[in-house]
1. Out of all the residues in region B:66-73, is one or more buried (at least 21 other Cβ atoms within 10 Å of the Cβ), touching a helix residue (DSSP H, G or I) at 6+ places or on another chain (Cβ under 9 Å) and closer than 30 Å to residue A:74 by Cβ?
2. Has region A:4-11 got at least one residue that is surrounded by fewer than 20 Cβ atoms within 10 Å (Cβ to Cβ) and either acidic (Asp, Glu) or away from chain B (no Cβ under 14 Å) (or both)?
3. In region B:113-131, which residues are in a helix (DSSP H, G or I) and surrounded by fewer than 22 Cβ atoms within 10 Å (Cβ to Cβ)?
4. Out of all the residues in region A:69-90, is one or more more than 14 Å from every other protein chain (Cβ to nearest Cβ), surrounded by fewer than 24 Cβ atoms within 10 Å (Cβ to Cβ) and part of a helix (DSSP H, G or I)?
5. Can you name every residue in region A:141-168 that is in contact (Cβ under 8 Å) with a residue 24 or more places away in the chain and surrounded by fewer than 15 Cβ atoms within 10 Å (Cβ to Cβ)?
6. Condition first: away from every other protein chain (no Cβ under 14 Å) and among the charged types (D, E, K, R). Can you find one or more residues in region A:37-49 that meet it?
7. Yes or no: region A:75-93 includes at least one residue that is touching a His at 6+ places or on another chain (Cβ under 9 Å) and within 22 Å of residue A:170 (Cα to Cα).
8. What pairs come up if the first residue lies in region A:169-187 and is among the aromatic types (Phe, Trp, Tyr), the second is modelled with pLDDT under 90, and their beta carbons are under 9 Å apart, counting only those six or more places apart or on different chains?
Amino acid sequence: MMHSLEIIWILFLKDLRLEWRRRETLASICVFGILVVFLLDFAFQPAGEESLRLLPGVLWIAFAFAGILGFNHSFVAERENACLEGLRLAPIDAGLIYLAKLLANFLFLAVAEAVIVFAASLWYNFSFLPAFKWFVVIVAFGTLGYVAVGVMFGAVASNTRMREVMLPVLQFPVIVPIFIGAIEATTSALKGDAPGQFASWVRLLIAFSVIFIVLSFLLFEYVLEE
Amino acid sequence: MPPDTTHTEPALELRGISKYFGDLAALRGVTLRIARGESVLIYGPNGAGKTTLLRTLASLAQPTEGEIWMDGRRMDRYPATCKAKIGFVSHATFLYNDLTVRENLALAGRLFGLRGVEKRVERALELFMLRERAGFLVRNLSRGLQQRVTLARALLHDPDFLLLDEPFTGLDAESTANLENLLRKLPERGKALVFSTHRFAQGASMAQRLVALEKGRISYDGPLTQASLSSLRIEPEAAAIENKVRL
């Protein structure tokens, strides 16, 4: 168990170091996410109550697009020089490679989401503070489920020729339940509803995340094969 | 599950391995046994299945049919134990362009669970004359230097079976000579060397045994002799190696 955690940590640090050197993923997903928020604000120009109605959808659309970019980028370094194959030569469980990627992508997307939320609060003139605790819980589990799927399909798409197109095509049908749950829960939390009213959506996000992480951990070895 | 006692002699063994990519058969019923201390040249024309054979041995490709055994253990049942004994060098370097030479080696060492990784990395840097470039990002190295790092990475965990797919590709004359010298020493240390190369003369001068592949099947498996070369119709190259190989 300790050895597995050590391997995950080593691979996670490797991804952080690569990101620090390349400075590609975080910068691009932050800029892209902010642009989506800005464009949707410009298109709808919501005011007052409308902001609250639109904001959850706008945020999760921005998270979704930012995530797609991040997942694609995440496997760029692994494709160069067949590094993913290099990892497979090591006597480690392929599932650990998945968990390390999950952790790194979760961190990158979480940072981007913080920036996007901050930008959205300014443009939409909306304060997240009253429901901040539940908002963070919902975003955390929604993001976890999304990243769990994204990393898995990112690995699948990285073996295909039209990988940039393949990733959203493969991924979006699977993540529909996460986004429905996340948007519903976010809307309810931001409206100031009692936690009991959106708890079932949060439970859905948790269940989806757990199921997909376990499945991906077990199946990742086969995904990496030719 | 205890090791199969009928295969106690340390060896890498393929039993009836076939590998299909859709309808295309890359390997057909390949059976092969490689002992420690052997130096085996895998030879054949393009598309004969050399790369697939080496990738299958390295467990990067799963056979469609057949089994691979190492030291009496089935490789698919004990992947970690078996992988720890294999070093693989391929066309690709397996190196992260944005990590330094030292970081790449240390990463590989840690993933292989080696003790004293730093010392081993320093030794490898010394052995492959990479100390001065240890802090360089891999992307800033020439192809020849990258190949040297790849070899250092493959040998870092002191594998019993070293598999090399076209290891001389991209190397200059000096690096080629250095690599040849290094590889010649491995069988003497009880390591098995299995390699493919297009440069037959060079490969034959380093190998004791030739495995010739044709359309995914083994067409010859035995010592390197004039007769074997003639039967394989590689006389033009045989003439070139007469002075190099003990025929």
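The values are calculated or read from the model by the stated rules, or taken from the named source; none is laboratory data. What you see is a predicted model, and the numbers here were worked out from it, not measured in a lab. Cβ atoms come from the backbone with ideal geometry, glycine included; neighbour counts cover every protein chain shown.
1. For region B:66-73, residues buried (at least 21 other Cβ atoms within 10 Å of the Cβ), touching a helix residue (DSSP H, G or I) at 6+ places or on another chain (Cβ under 9 Å) and closer than 30 Å to residue A:74 by Cβ: absent.
2. Yes, region A:4-11 contains a residue that is surrounded by fewer than 20 Cβ atoms within 10 Å (Cβ to Cβ) and either acidic (Asp, Glu) or away from chain B (no Cβ under 14 Å) (or both).
3. Residues satisfying the conditions are B:117, B:118, B:119, B:120, B:122, B:123, B:125, B:126, B:127, B:131.
4. Scanning region A:69-90, I find at least one residue that is more than 14 Å from every other protein chain (Cβ to nearest Cβ), surrounded by fewer than 24 Cβ atoms within 10 Å (Cβ to Cβ) and part of a helix (DSSP H, G or I), so the answer is yes.
5. Once the filter is applied, which keeps residues that are in contact (Cβ under 8 Å) with a residue 24 or more places away in the chain and surrounded by fewer than 15 Cβ atoms within 10 Å (Cβ to Cβ), region A:141-168 yields only A:164.
6. Within region A:37-49 (the criterion being away from every other protein chain (no Cβ under 14 Å) and among the charged types (D, E, K, R)), the answer is yes, since at least one residue qualifies.
7. So far as region A:75-93 goes, no, none of its residues is touching a His at 6+ places or on another chain (Cβ under 9 Å) and within 22 Å of residue A:170 (Cα to Cα).
8. A:179/A:172
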